[in-house]
Amino acid sequence: MRNTRSRRGMVPLGLALGMSLLPGVAAAQSSTDPAWSAGGSVTAATDYVWRGVSQTDEDPALLLDLYAAHQSGWYVGASAANVDFGDPEDGMDYELSPYIGWAGELGATELDVFVSRVMYPGANDGYDIDYTEIEATLGFADYYHVGVAYSPDIFNLGEPGWYYNAGAAWPMGGSGITLAVQAGHYDLRDAGGDSYNDWLVGLSREMGPFNVQLQYTDTSSYGEPLGDSVGDPALADGRTTLLVSWEF
């Protein structure tokens, strides 16, 4: 079974430390700006960690995100990454996640809501773990955010999954370094027989055209019930990951 994921979408694929929202929450465009814009990012990582769990059997990952955004706040895109869930029979080598959403100002806050379909093309019979997830993130007071994600059939197990998170990202004076922290709770009691907590602390800095991130992640309460239904608990141990991203 899956060792446990996406995003952003997290933030695409859940790896960005700045916790900034998607393109729709950028500053309001002027009347002379084009209605549509497009962009993306490429990230090389020493491990693909999603909600505290390695998606690449602790091996390096390459992640790609492409999007098109409208000045109204609507956007559409897709993310992709290599994966390895430790089973040579599953046929799954990469993850593909198309998404659509809206992001913009909501009073004194910024809201980002999107729906994604997480797919594993090439999966062999009996290893179908594709699922749909709806995620919302609310940013406030410049540095803080809270979020919730819901899947009605997480990992194709026939039961729902809920993920809750809260965090912050603070610039460290004039150093150019951002300190980010986040804590989450993944409720998989119906689908996986248990729940667990995860947390992240990291530093990021712009270096020319690149963003360099160093993060430490860990989990708690990730026990045998989740190991049986979701993946090896060893992949949820504490780990340090280096990521280098280029946005275009």
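Filter the range 221-248 for residues that are among the hydroxyl-bearing types (Ser, Thr, Tyr) and either under 20 Å from residue 79 (Cβ atoms) or not in a strand (DSSP E or B) (or both) and give the result.
We begin by selecting, within the range 221-248, every residue among the hydroxyl-bearing types (Ser, Thr, Tyr); these are 221-222, 229, 240-241, 245.
Matches in the range 221-248: 221, 222, 229, 241, 245.
When you scan the range 110-124, do you find a residue that is surrounded by 17 or more Cβ atoms within 10 Å (Cβ to Cβ), over 20 Å from residue 197 (Cα atoms), acidic (Asp, Glu) and in contact with a strand residue (DSSP E or B) (Cβ under 8 Å, 6 or more places away or on another chain), even just one? Yes, the conditions are met somewhere in the range 110-124.
Is one or more of the residues making up the range 181-200 outside any loop (DSSP other than H, G, I, E, B), more than 29 Å from residue 129 (Cβ to Cβ) and over 18 Å from the mean Cα position of the chain (by Cα)?
In the first step, residues of the range 181-200 are kept if they are outside any loop (DSSP other than H, G, I, E, B); the result is 181-192, 194-200.
If we keep only those that are more than 29 Å from residue 129 (Cβ to Cβ) too, we end up with 181.
Keeping just the survivors that are over 18 Å from the mean Cα position of the chain (by Cα) gives none.
No, the range 181-200 contains no residue that is outside any loop (DSSP other than H, G, I, E, B), more than 29 Å from residue 129 (Cβ to Cβ) and over 18 Å from the mean Cα position of the chain (by Cα).
Filter the range 83-139 for residues that are of a type in the set (Ser, Thr, Tyr) and part of a loop (DSSP other than H, G, I, E, B); which is nearest to residue 166 (Cα to Cα)? Restricting to residues being of a type in the set (Ser, Thr, Tyr) and part of a loop (DSSP other than H, G, I, E, B), the top hit is 120. Total residues in the range 42-78 satisfying the condition of being touching a Lys or Arg at 6+ places or on another chain (Cβ under 8 Å) and over 21 Å from residue 198 (Cα atoms): the figure is 0. Residues considered: 175, 204, 151. Of these, the only one that is buried (at least 17 other Cβ atoms within 10 Å of the Cβ) and over 23 Å from residue 102 (Cα atoms) is 204.
Among residues of the range 170-197 that are within 30 Å of residue 224 (Cα to Cα), those with a Cβ under 7 angstrom from a residue that is assigned to a loop (DSSP other than H, G, I, E, B) and of a type in the set (D, E, K, R), sequence gap 6+ or separate chain, pair up as 184/51; 186/51; 190/159; 191/159. When 157, 243, 235, 226 are checked against the criterion of being of a type in the set (A, V, I, L, M) and closer than 24 Å to residue 137 by Cβ, 243 stands alone in meeting it.
Hey, among the residues in the range 60-100 that are in contact with an Asp or Glu (Cβ under 6 Å, 6 or more places away or on another chain) and on the phi < 0 side of the Ramachandran plot, which one's surrounded by the most Cβ atoms within 10 Å (Cβ to Cβ)? Show your work before the answer.
Restricting attention to the range 60-100, the residues satisfying the condition of being in contact with an Asp or Glu (Cβ under 6 Å, 6 or more places away or on another chain) are 79, 81, 83-84, 86.
Of the ones still in play, those that are also on the phi < 0 side of the Ramachandran plot are 79, 81, 83-84.
Numbers: 79: 27, 81: 25, 83: 22, 84: 19.
Only one residue tops the list, namely 79.
Reported count of residues in the range 42-59, each being buried (at least 20 other Cβ atoms within 10 Å of the Cβ) and assigned to a strand (DSSP E or B), is 6. Within the range 211-247, the set of residues being over 23 Å from residue 164 (Cβ atoms), surrounded by fewer than 19 Cβ atoms within 10 Å (Cβ to Cβ) and under 19 Å from the mean Cα position of the chain (by Cα) comprises 212, 214, 240, 242, 244, 246, 247. Residue 94 - would you say it is of a type in the set (Phe, Trp, Tyr), farther than 23 Å from residue 69 by Cβ and under 19 Å from the mean Cα position of the chain (by Cα)? Yes: the conditions hold for residue 94. In the set (1) buried (at least 19 other Cβ atoms within 10 Å of the Cβ); (2) more than 19 Å from the chain's Cα centre (by Cα); (3) part of a loop (DSSP other than H, G, I, E, B), residue 159 fails one condition alone, (1). Look at residue 75 and say whether it is closer than 22 Å to residue 43 by Cα and touching a Pro at 6+ places or on another chain (Cβ under 8 Å). Here the answer is yes, as residue 75 does meet what is asked.
Any read-out appearing in this document is the output of simple, stated calculations on the displayed coordinates, not a laboratory observation. Just so it is clear, the model here is predicted, and its values are computed rather than measured. No Cβ is skipped: glycine too gets one built from the backbone with ideal geometry, and neighbour counts run over all protein chains shown.
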